[in-house]
1. Given the Cα-Cα distance of Val118 and Lys68 and 0.36 nm per residue of separation, how much length would full extension add, in nm?
2. Quick one: length gained pulling Gln57 to Lys25 fully straight, 0.36 nm per residue minus the C-alpha distance?
3. Positive end of the dipole of the chain, charges at C-beta (+1 Lys, Arg; -1 Asp, Glu), about the Cα centre: which of Ile123, Ile196, Pro37 has its Cα farthest in that direction?
4. For an R0 of 41 angstrom, estimate the FRET efficiency from the Cβ-Cβ distance between Ser136 and Gln35 and round to the nearest 0.05.
5. In terms of modelled amide H atoms, which long-range or inter-chain residues lie less than 5 Å from the amide H of Ile33?
6. Given only helices, namely DSSP H runs of n ≥ 4 each adding -39500 (n - 2.57), what is the per-residue ellipticity at 222 nm of the chain, to the nearest 500 deg cm²/dmol?
7. Once you have the Cα-Cα distance between Lys185 and Ala151, take 0.36 nm times their residue separation minus that, and quote the gain in nm to one decimal.
8. Of all trypsin sites (Lys or Arg not before Pro) in the stretch 132-195, which ones are in loop regions per DSSP and have a Cβ with at most 11 other Cβ atoms within 10 Å?
Amino acid sequence: MKKILLMAAALLLAPMLSQAATVYKEGVHYSVINQGPKTKTPEIKEYFSFLCPHCFQFYLNVLPKLEKQLPKGVKFTQSHVDFLGGDIGKDLTRAFAIAELLNVKHKIEGALFNDIHVKRQRILGMKDIRKIFIASGVDAKEFDSVVNSFAVNARVAQMARDAKDDQINGVPELVINGKYKVLKKEIKTWDDFINIAVWVAKNK
């Protein structure tokens, strides 16, 4: 009986030990994107676009897992890129900044992804985006009061600056601790994406 219990314990511990022993390599699984200092606190940042179908799949299938597996003390942030879709890409970046400011990010994120990729609705500008905010429960006057505010303009500028500094030219992309980027060439599943990011956040 004792032998059976020991075998069962070994089987349960094997995956945990294997995962703990995993070491990801620079230049293979992640790259250094700058020689400056790391962020003050560990951070995983997702760069994305509402127009990107892969980002929509990331939103559906990866974010819930990533949020569950996020180590204690590691912050998760998002940044919308404006280099896809021309003017509408810039408007959607502003929409994301507005959603953050009004504390309705999760609600608006789901609504925009759903309208674009499920309902296949065309979003032509801020007028259409405003309708989506209102349909999601945001007061029209509140939206109008912040759409061109200093805080929103500053956040839009920051996201553009961060994307340039982090050398982002495709999405979805994960940048860790402001210094490392997950390399996609060795990724076979979305779980690989998460595991590499979490490992780098904890170990680099």
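1. On the way: separation 50, 0.36 × 50 = 18.00 nm, distance 2.54 nm.
Gain on stretching Val118 to Lys68: 15.5 nm.
2. Values: separation 32, 0.36 × 32 = 11.52 nm, distance 2.64 nm.
Stretched out fully, the Gln57 to Lys25 stretch lengthens by 8.9 nm.
3. Sorting the options by dipole projection puts first Ile196.
4. Details: r = 42 Å, r/R0 = 1.03.
Given R0 = 41 Å and the Cβ-Cβ separation, E is 0.45.
5. When sequence neighbours closer than 5 places are left aside, the close amide H contacts are Tyr180, Lys181.
6. Numbers: 9 runs with 111 residues, N = 204.
It comes out at -17000 deg cm²/dmol, rounded to the nearest 500.
7. Details: separation 34, 0.36 × 34 = 12.24 nm, distance 3.74 nm.
Extending this stretch completely gives an extra 8.5 nm.
8. Values: sites: Lys141, Arg155, Arg161, Lys164, Lys179, Lys181, Lys184, Lys185, Lys188; in loops: Lys179, Lys184, Lys185, Lys188.
Of the trypsin sites (Lys or Arg not before Pro), the ones in loops of the stretch 132-195 whose Cβ has at most 11 other Cβ atoms within 10 Å are Lys185, Lys188.
Here, each number is a calculation from the coordinates, and none is a lab measurement. Values in this document were obtained by computation on a predicted structure and should not be read as measured data. Methodologically, a virtual Cβ is constructed for each residue, glycine included, from the backbone with ideal geometry; neighbour enumeration extends over all protein chains shown.
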